[in-house]
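Undergrad: Got a structure here, written out as structure tokens. Questions coming.
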Amino acid sequence: MPERYIAFDVETPNAANDRMSAIGVAVVEGGAVVEEFSTLVNPETYFNAFNVQLTGITPGMAAEAPTFPELWPILAPILESGLLVAHNAPFDMSVLSKCLRAYGIPWRPVVDYACTCRMGRRCFPELANHRLDTLCTYLDIPLDHHRAGSDSRACGELLLRCLDHGADIERFRRHYDLLRARTIS
């Protein structure tokens, strides 16, 4: 069983979901969030009004932020250091995959991940839904929703609550094909 988990969250500027406007990472180790990193990202593309309203990230805010290729030397060692975890992980994994492909950045062909939404469904079936904000409210986890840093930390805290609730991380481990942007059956 991994002892280090990398909870991450991305925000996107538009519906193409092939670029990031923000990323947050929370490293979970020894039963606690031990490291955090978050930043706006210059997506070098257009913003949809819907995404701006959802995330609060405007083109002007991201204009001076580093680009994904500039951030990759910082992100890669962190993402490689443990099992990736996200809430609605197939979305975040697909954005990561498409972003790597859009910039021609080689990484791994396949990466393992776990999804806290799936874990939340198993651990807390009594809830009407298992969105991140719903689970955080129920479990009294602080959340400033759609802020990548807050979402990644909340995901890490949710992971810890699910593990404390008896979830076996191996039952939730999946393999993601980064080249084809899909979970491998």
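Coordinate-derived values only; no laboratory data. What you see is a predicted model; the values in this text were computed from it and never measured. Backbone-built Cβ (ideal geometry, glycine too); neighbour counts: all protein chains shown.
Undergrad: Between A102 and N48, what is the label-to-label distance in nm when each label sits 7 Å out along the Cα-to-Cβ direction?
TA: 1.2 nm
Undergrad: With +1 on each Lys and Arg Cβ and -1 on each Asp and Glu Cβ, how big is the dipole of the stretch 117-185 about its Cα centre, in debye rounded to the nearest 20?
TA: Dipole of the stretch 117-185, to the nearest 20 debye: 400 debye.
Undergrad: Using helices alone, what [θ] at 222 nm do you get for the chain, with -39,500 (n - 2.57) per DSSP H run of 4 or more residues, divided over all residues and rounded to the nearest 500?
TA: -12000 deg cm²/dmol, from helical runs alone.
Undergrad: Also, I was wondering about something else. Note down the magnitude of the dipole of the chain about its Cα centre, charges +1 on Lys and Arg C-beta and -1 on Asp and Glu C-beta and zero elsewhere, to the nearest 20 debye.
TA: 680 debye
Undergrad: Another question, then. Which whole-Hz ³J(HN,Hα) couplings does the stretch 170-177 yield from phi under the Karplus relation 6.51 cos²θ - 1.76 cosθ + 1.60, θ = phi - 60°, glycine and proline marked x?
TA: Taking θ as phi minus 60°, the curve returns 5, 5, 10, 6, 10, 10, 10, 7 Hz for the stretch 170-177.
Undergrad: Which order results if M61, M119 are arranged by neighbouring Cβ count within 10 Å, fewest first?
TA: With the fewest neighbours first, M61, M119 line up as M61, M119.
Undergrad: Please list, in order, the residues from the stretch 128-156 whose amide nitrogen is less than 13 Å from a point placed 7 Å along the Cα→Cβ vector of M61.
TA: Counting backbone N atoms under 13 Å from the label point, the list is 144-151.
Undergrad: Here's another thing I want to ask about it. At a Förster radius of 25 Å, what calculated FRET efficiency corresponds to the Cβ-Cβ distance of S185 and E80, to the nearest 0.05?
TA: Plugging the Cβ-Cβ distance into 1/(1 + (r/R0)^6) gives 0.55.
Undergrad: With a 10 Å Cβ neighbour count serving as the proxy for reagent exposure, in which order, fewest first, do T134, T55 appear?
TA: The order, fewest Cβ neighbours first, is T134, T55.
Undergrad: Just to check I understand the Karplus step: with θ = phi - 60° and J = 6.51 cos²θ - 1.76 cosθ + 1.60, what whole-Hz values come out for the stretch 63-68, glycine and proline as x?
TA: 4, 9, 6, x, 7, 4
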